[in-house]
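Presented below is the structure to which this report refers.
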Amino acid sequence: QVQLVESGGGLVQPGGSLRLSCAASGFTFSRYTMSWYRQAPGKERELVAAVTSTRSTNYADSVKGRFTISRDNAKNMVYLQMNSLKPEDTAVYYCNGRYFTNSRWGQGTQVTVSS
């Protein structure tokens, strides 16, 4: 059974940090491009960061220099280290795994940046 389970969300003050984790199971993790998306209330889901099977990364302009995506193929895990958080980073963050037309989603984890 394919599963992506996110964790690590929560409430943090502006300027703070959080580390999101995504545990994957049920598929050949190392082959998949793993990504983090987010969706804020009233907005469309957007790509935040992605890491390919060869560990190439790309980031949304809004998070470059603040967020870092990484993967551990031995543990079937993908992470998103988020630093210097801003209120506009508030959203539900989703883990996604994609291999050609095969795409899997987690259930999401809420990140709220507020004082």
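The values are calculated or read from the model by the stated rules, or taken from the named source; none is laboratory data. Remember, it's a predicted structure, so these values are computed and weren't measured experimentally. Please note: Cβ atoms are built from the backbone with ideal geometry, for glycine as well, and neighbour counts cover all protein chains shown. To get the accessible areas, we keep the full protein, side chains included, count just its heavy atoms, and leave off ligands, DNA and RNA. Shrake-Rupley method; radii C 1.70, N 1.55, O 1.52, S 1.80 Å.
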Item checked: For region 7-46, Kirkwood radius (reciprocal of mean inverse C-alpha pair distance, Å) -> 13.0
Notebook entry, point to check: Hey, what D do you get for region 2-85 in µm²/s if you plug the Kirkwood alpha-carbon radius into Stokes-Einstein at 37 °C and 0.692 mPa s?
Noted result: 244
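With a 1.4 Å probe and all protein chains kept in place, how do Y59, Y93, Y79, Y99 rank by accessible area, largest first?
Values: Y59 50, Y93 0, Y79 30, Y99 80 Å².
Of Y59, Y93, Y79, Y99, the descending order of accessible area is Y99, Y59, Y79, Y93.
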Notebook entry, point to check: Of T109, T54, which has the most accessible area with a 1.4 Å probe, and how do the rest follow in descending order?
Noted result: T54, T109
Checklist line | Charged-residue dipole, Cβ positions (Lys, Arg, Asp, Glu), the chain about Cα centre, Debye nearest 20 | finding: 260
Check: How do the peptides 38-46, 20-28 rank, highest first, by the average count of neighbouring beta carbon atoms within 10 Å per residue?
Finding: 20-28, 38-46
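Working out 0.36 nm times the residue gap between E44 and Q1, then minus their Cα-Cα distance, what length gain in nm do you get to one decimal? Show your work: numbers first, answer last.
Numbers: separation 43, 0.36 × 43 = 15.48 nm, distance 2.80 nm.
12.7 nm is the gain from fully extending E44 to Q1.
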Check: Counting only Cα, what are the radius of gyration and maximum Cα-Cα distance Dmax of region 75-115, in Å?
Finding: 12.9, 41
Checklist line | Protein-only accessible surface order, largest first, of T112, T33 at 1.4 Å | finding: T112, T33
